Structure formats: structure tokens, C-alpha cells
Amino acid sequence: MSNWIYTTAAEQADALAAGTVTSVELVQAYLDQIAATNGEINSYLHVDAEGALAQAKASDERRAAGTPLHPLDGVPIAIKDVLATEGLPTTAGSKILEGWIPPYDGTVTAKIKAAGLPILGKTNMDEFAMGSSNENSAYGPVKNPWDLTRIPGGSGGGSAAAVAAFQAPLAIGSDTGGSIRQPGAMTGTVGVKPTYGSISRYGVIALANSLDQLGPVTRSVLDSALLHELIGGHDPKDSTSVPGTVEGLVEAARSGAAGDLTGVKIGVVKELQGDAWSAPVVERFHESIEILKGLGAEITEVSLPSFVHAMAAYYLILPAECSSNLAKFDAMRYGLRVTPAGSPSADDVMRVSRDAGFGAEVKRRILIGTYALSSGYYDAYYGQAQKIRTLIIEDFRKAFESVDVLVSPTAPTTAWAIGEKSDDPLANYLQDLATIPANLAGVPGISIPSGLSSEDGLPTGIQFLAPVLEDARLYRVGAALEKALTDQWGGQIAPAAYASKEGK
């Protein structure tokens, strides 16, 4: 198997430009890795070998003619199964959409194709992106490449596991309450939630419209910057899309890798500490803080008092929006249809089909959301949650008056055993303590690996948050810390079972 799969996307782009490797060779190497490992990891729901090789061949032909479309032209990518891909199955991890093939591409898919990146396939996920462990997929759980008995984080565990296991150099995830960043922390990958509205949501199967955001999953901060710039920018098809282009991220990542953070003010969030955080996670976090100090950053503690209410607010707002969004899966127009015996009415067909097609977690959230929006309870629950959301936005605004970025551990613990928290939904929800506030406020966040736990040897992550549309700050600080840590480790961390010593 080719050692090219152990290189970063940026290195592969350079090698393609230099003629050292072809896109067909890259794609075939990843397809070989997927074939060898996906049976045990279950990170891909659909692999498009024929399509990816055809796209790779076209990329090589463009390069030979001197007309590459983009610096990443020819570098393969995986896409979370929540984003529409014309001609490829898109299920959102649910039986209710089993076999559905979209007749169109989402905007991000279209941008990826237009730039010449071969699409390897669609990655596994918690059903309709509801979950923190990837155990809620209708097609079986994803296994963490670091330990196949552990979860990879959710809902985007498929994308994170694919990148961690060298099944793809780049992947697209979606982040509604931490579903890019939290799996990143648990698989040792880089995950970015961009500013809300800066990347089009057109073609995304919505969970919660005011919270969902697509973003990059990669093995390095620079790779995320390259992909982020490619997929970002205004889209008239998306009513929540903000004006302007997304630029300066690659420059910020390259600048940060120089290792000078003099003058950068970093605020440690007071409310994202305490008994909920495991000792090994906190240990790695404080080591990273000391490194940031050594790079010239000014560290101070910052209080955002409304953060303590963020989870309660989130788990009212999200179910309310998802109950509305999922009403369209009615067995009438597309998706699963189950017809009961006798002479059933349309209501009978709808009820039986939704019962068969939706999993337990989806049903739970639909019921919570419907209750929160019902007459007599709207003001008491949903209305109050929106008020908390406003307070959280104000807390961020005040904090960023005194600091450039905020920092916290990405997740309270490392990856837990599959099935360990299945009977306790609240224990799962608590894993998003640190990531939820960014989605409620629309601010950007990045998670990068901060080392391995001294207890179980599993990855931990550190999260940086920046003001709205100041995503470049994340790349500068993230790249600086990443460079210092990888210099200390002697390279990137990777699961030993899937990493070649020659390739690392």
C-alpha cells in the first residue's frame, strides 16, 4: 500500500504539482486502505471507487495539459452523508432515507467537484446528526481507529475516523453542537466549525437550521485552511449565507506555524473547567497553555457566566427545530414507505413509516421539540431558551473585547466504550459542554489534538473560539500550537494499528 496516504493534503498537492505522484495513484491508495479497513471501522456508508478513479483520471489529464483547477485538484476527499451528492446515496444515517439518491449537488459538493477533488464516498454518522458517539447510525456504529471497542465521537464520527485511519486526507463534516470538533478531539484529528453562514448549507439535510454548519475534517491545520477557503463564501441559494468571500485562512495558518504569538491575548474560559473534566484531559490542556505562553501569547482567565445554561438552552432549541425539519419525512414524497395491512389512510402510512424509519434518539428529540413548541409551553421553554441564547451571544461579545481568542478543552473525556452510555442520554449530551456555546452564538471554533491521555492512551483535544468572521485567528493560533506540539512529539499522533512506520 502506498505511503502517500500518510502524508497531508498540502503535501499531496505539492507532490501532484511536482509530478511526483498522480491523482489516480493517490485515489487508488486510499481505496485500497478503505477496502482493507472499513469492514472493522465502518466509517464509510458508500464508497464510489469507479467515480473517484474517473475524477482522478480527469484531474491528471488537466494537470498534464497545464490547466489544474485548484491547488487541491486531484487530492481526494470524503463527504459526510448529510450533504447531497448527485448520483450518490445520501441517507443522513437513517433508514427513512435508505436508497435515496439526490438529483442535485449541494453547494459545497458542487464547489468540491468544480475544484477537481475526487470524492471517495459518503461517511457514516449519527442518524440526522443526532448524537455524540456515532452509535445512533441506522447502519451500525463507527469504531474509533485508536481502539475499536471505543466510540469515535459524534455525530461526524465517520468523517473523523476516516481521516484518522488514513482512509481519506480530507473530509467534510457538519457541526450542530460540536459534531466536527468533538470527534476531532476523540480521534486525534483537526476539526473546524466555521462562522455560521460563511459556508453554504444548501443541500444539507437539516437538523437545526440556526445551528448547523459544514466544515473541514483533516490531519493538519493547514489542510483545514486550504479546504475551508475552497468551500467557503456567499451562496444566493442559502438564505442564511453571509455576504463576502472566505480568505486569509491559509496565510494565517502558514504565519502561525512560524511560532510567534507575541501580542495575542488568549482567554481561558472559567466555566469550561471543573469536576466534569477528566484529569488526563485537563493535564494535556494545561501543558498546551504553557506552550502557548512560551510562544508569546498572553493568557488570562475569562468568565462567560451564561455558559452554564448553554446545554439546557441547546436541548430545547435543537429539538424544536429538528421536530419541524423532520416533519417532511412523511412517506408521501420520497424515502421509506411502510403500508400497513387493510385499507390504511395517509395518516396510518405516515405513522407506521416514521415509526419504522426513525431511530430512538430521533424520536426522543422530535417528542421533546414538539412539546417545547406546543401551545402553553412555547414561552415557558423555547422562548426562554432563546433568551439564554441572546445572553450567550452577549457573553462572547464582552469576552472578545479583552481577548483575541478563547480556549478550553474540546471534550470533557476521551472516547468511551461502545455501549457504555447508551442507556443514559444525558451522559452523552454532557460531552458537548464545551462545543455547544459556539453554535448558539454562531462563532467559529477549531479543535486540534493536544496529546494522549496518561490513563488510556487515547487522544485529547484543545478548542479555540474566535469572534464571528474572524476564523483566521483560529488558524494562526491553532497552527502555532500544532507546530510546537508536533515538534515535541516528533510528528503527528496517529493510531498505531493504521499508521505505517515508513510513512510517518
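One table, with the values for the structure above:
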read-out	value
Cβ-Cβ under 6 Å pairs, at least 6 apart or on other chains, the stretch 488-500 side farther than 12 Å from P449 by Cα and in contact (Cβ under 8 Å) with a residue 12 or more places away in the chain, far side surrounded by 11 or more Cβ atoms within 10 Å (Cβ to Cβ) and of a type in the set (S, T, Y)	S500/Y6
Given (1) open to solvent by 10 Å² or more (accessible area, probe 1.4 Å); (2) polar (S, T, N, Q); (3) modelled with pLDDT of 95 or more, index of the condition S447 fails	(1)
Filter result for the condition that a residue is surrounded by fewer than 18 Cβ atoms within 10 Å (Cβ to Cβ), assigned to a helix (DSSP H, G or I), over 21 Å from the mean Cα position of the chain (by Cα) and without any contact (Cβ under 8 Å) to a residue 24 or more places away in the chain, over E40, E50	E50
Failed item in (1) touching a residue at least 40 places away in the same chain (Cβ under 8 Å); (2) on the phi > 0 side of the Ramachandran plot, with G66 passing the rest	(1)
The lone exception for T390 - which of (1) at pLDDT 95 or above; (2) farther than 30 Å from T240 by Cβ; (3) more than 19 Å from the chain's Cα centre (by Cα) it fails	(2)
Some residue of the stretch 55-63 being touching a residue at least 40 places away in the same chain (Cβ under 8 Å), assigned to a helix (DSSP H, G or I) and either on the phi > 0 side of the Ramachandran plot or of a type in the set (K, R) (or both)	yes
Criterion violated by D395 - all others in (1) modelled with pLDDT of 90 or more; (2) under 28 Å from G157 (Cβ atoms); (3) of a type in the set (D, E) satisfied	(2)
Members of the stretch 361-383 found to be open to solvent by 70 Å² or more (accessible area, probe 1.4 Å) and touching a residue at least 60 places away in the same chain (Cβ under 8 Å), listed by number	R364, Y381
Positions within the stretch 481-497 being in a loop (DSSP other than H, G, I, E, B) and surrounded by 12 or more Cβ atoms within 10 Å (Cβ to Cβ), in sequence order	Q492, I493, A494, P495
Selection from the stretch 131-145 of residues that are touching a Lys or Arg at 6+ places or on another chain (Cβ under 7 Å) and either surrounded by fewer than 24 Cβ atoms within 10 Å (Cβ to Cβ) or closer than 13 Å to D81 by Cα (or both)	A138
Residue within the stretch 300-311 that is outside any helix (DSSP H, G or I) and touching a Phe, Trp or Tyr at 6+ places or on another chain (Cβ under 8 Å) present	yes
Pair list, Cβ < 7 Å and 6+ apart or interchain, from the stretch 305-327 residues that are farther than 18 Å from Q431 by Cβ and small (G, A, S) to residues that are modelled with pLDDT of 95 or more and open to solvent by less than 30 Å² (accessible area, probe 1.4 Å)	S306/I392; S306/D395
Residue in the stretch 347-355 that is out of contact with any Lys or Arg (no Cβ under 7 Å at 6 or more places or on another chain), of a type outside the set (A, V, I, L, M, F, W, C), modelled with pLDDT of 95 or more and surrounded by fewer than 17 Cβ atoms within 10 Å (Cβ to Cβ) present	no
Test result for Q28, surrounded by 19 or more Cβ atoms within 10 Å (Cβ to Cβ) and either over 21 Å from V217 (Cβ atoms) or among the charged types (D, E, K, R) (or both)	yes
Residue among D330, D275 that is at pLDDT below 95, open to solvent by 40 Å² or more (accessible area, probe 1.4 Å) and of a type in the set (D, E)	D275
Verdict on L148 being at pLDDT 95 or above, among the hydrophobic types (A, V, I, L, M, F, W, C) and crowded, with 18+ Cβ neighbours inside 10 Å	no
Single unsatisfied condition, A341 versus (1) assigned to a loop (DSSP other than H, G, I, E, B); (2) closer than 21 Å to G383 by Cβ	(2)
First in the stretch 15-26 and modelled with pLDDT of 95 or more, second anywhere and of a type in the set (D, E) and surrounded by 13 or more Cβ atoms within 10 Å (Cβ to Cβ), Cβ under 7 Å, 6 or more apart	T22/D60; S23/D60; V24/D60
Residue check for I96: buried (at least 21 other Cβ atoms within 10 Å of the Cβ) and in a helix (DSSP H, G or I)	yes
All positions within the stretch 53-70 that are open to solvent by 40 Å² or more (accessible area, probe 1.4 Å), among the aliphatic types (A, V, I, L, M) and more than 26 Å from the chain's Cα centre (by Cα)	A54, A64, A65
Residue within the stretch 105-122 that is open to solvent by 40 Å² or more (accessible area, probe 1.4 Å), among the small types (G, A, S) and in a loop (DSSP other than H, G, I, E, B) present	no
Set A138, A165: member being at pLDDT 95 or above, small (G, A, S) and closer than 20 Å to G461 by Cβ	A165
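The values are calculated or read from the model by the stated rules, or taken from the named source; none is laboratory data. Small disclaimer: the values here were computed from a predicted structure and weren't measured. Cβ coordinates were reconstructed from backbone atoms using ideal geometry, including for glycine residues, and neighbour counts include every protein chain displayed. Remember, those area values only see protein heavy atoms, side chains included, never the ligands or the DNA or RNA. Shrake-Rupley method; radii C 1.70, N 1.55, O 1.52, S 1.80 Å.
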